[in-house]
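Below is one structure, written out as structure tokens; the observations come after it.
The values are calculated or read from the model by the stated rules, or taken from the named source; none is laboratory data. It should be emphasised that the depicted structure is a prediction, and the values quoted were computed from it without experimental measurement. All Cβ positions, even for glycine, are placed from backbone atoms using ideal geometry, and neighbour counts span all protein chains on display. SASA here: full protein model, heavy atoms, side chains in, ligands and nucleic acids out. Shrake-Rupley method; radii C 1.70, N 1.55, O 1.52, S 1.80 Å.
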Amino acid sequence: MTPASTDLPAPLKALAGRADDALARALPGDDLPPAELHRAMRYAVLGGGKRLRPLLVYAAGHALGSDGPVLDAPACAVEIIHAYSLVHDDLPAMDDDALRRGRPTCHIVFGEAMAILAGDALQALAFEILAQSPAGDDPTQRITMLRTLGAACGAEGMAGGQAFDLSAVGRKLTLEELERMHAYKTGALIRASVRLGALAAGCRDEALLARLDRYGHAVGLAFQVRDDILDIEGESAVIGKTAGKDAAADKPTFPSIIGLDASRARLVALVDEALDAIAPLGERGEWLAELARYSAARGH
């Protein structure tokens, strides 16, 4: 595996800023009624974050020859879905967390009811943004993009993964069961981000889309393995959320099932798998390669 970097190269940092600007434009103004709901939505989305999912949209589009505004709508849509999922995951009925991205979680600031509504409204907004995407001038393409995002959110995506997660507390899962859970909970939206970037760029090559799905699957699992390692080794002030919380809640993690050393080895193997999947793209896939390495080496 190529040595990983804990930082992103300048072009990808610039794209994270582009995503921030696009998100700020896409969200309703916090002075518009219902103002408290809009403030909660903006708080949830604009309060920092790695912007990995929009970056994957941009990197996949770039690999297929598209760098224009056609990528902004899917980039916003996936990040808004991600933000909504975090708002709901942090609720007392779910993961019950008080810290997210180094700040109090949405329900701590705005109350549980408003946080639930903010998550609901963000999910709806994501589909509205994607439906209006200039990449969807072809009706078939537009429907394909909407179905891609919808599948990533539902029972065979994030919601299903969270259901697996809730039912797994206190149980000893096999490695296969753990990877299935995270392929749904975390990996589905990461895979969708890559696919949406390719679709927005006009890709209809099923073999290439399959390779990109394989890349996204590996990156999604690598991201989660790194998360589990950080839960043990990280500090709350650095990782932006409560360190050690998974272990304290008796949640199954990669280190708890296969050990810390084997988790690090699994991380290396997953990055190698991601890089192999995009090897035919050559230099065009370098941003995707950088994001795979970053997912495995990040400090937060």
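Points worth noting:
- With each label modelled as a point 7 angstrom along the Cα→C-beta vector, the Leu208-Asp67 pair spans 1.7 nm.
- The chain: calculated mean residue ellipticity at 222 nm from DSSP helix runs of at least 4, using -39500 (n - 2.57): -21500 deg cm²/dmol
- Unit charges on C-beta of K, R, D, E only; dipole of region 110-192, Debye: 200
- Gyration tensor (alpha-carbon) shape descriptor, region 10-297, a/c threshold 1.5: oblate
- Scanning the chain for trypsin sites (Lys or Arg not before Pro) lying in DSSP loops with no more than 14 further Cβ atoms inside 10 Å, the longest uninterrupted stretch between such sites is 1-170.
- Full-stretch length increase - Leu166, Glu36 - with 0.36 nm per residue and alpha-carbon distance subtracted: 43.8 nm
- A Gaussian network model of the chain, with springs between Cα atoms under 10 Å, assigns the largest mean-square fluctuation among Asp90, Asp231, Asp261 to Asp261.
- Förster-model FRET efficiency, 22 Å R0, Glu233 and Glu156, C-beta, rounded to 0.05: 0.10
- Sites Ala24 and Asp272 - FRET efficiency at Förster radius 25 Å, r taken between beta-carbons, to 0.05: 0.10
- Taking only protein heavy atoms and a 1.4 Å probe, the accessible area of the chain is 55% carbon and sulfur.
- Residues whose amide H comes within less than 5 Å of that of Leu99, counting only those at least five positions distant or on another chain, are Thr105, Thr242 (H built at 1.01 Å from N in the peptide plane).
- A simple spin-label model places pseudo-atoms 7 Å from Cα toward Cβ; at Leu175 and Glu286 they are separated by 3.4 nm.
- Accessible surface area normalised per residue over the chain is 41 Å², counting heavy atoms of protein chains with a 1.4 Å rolling probe.
- For region 10-297: lysine pairs under 17 Å (alpha-carbon distance), excluding those fewer than 8 apart on one chain: 5
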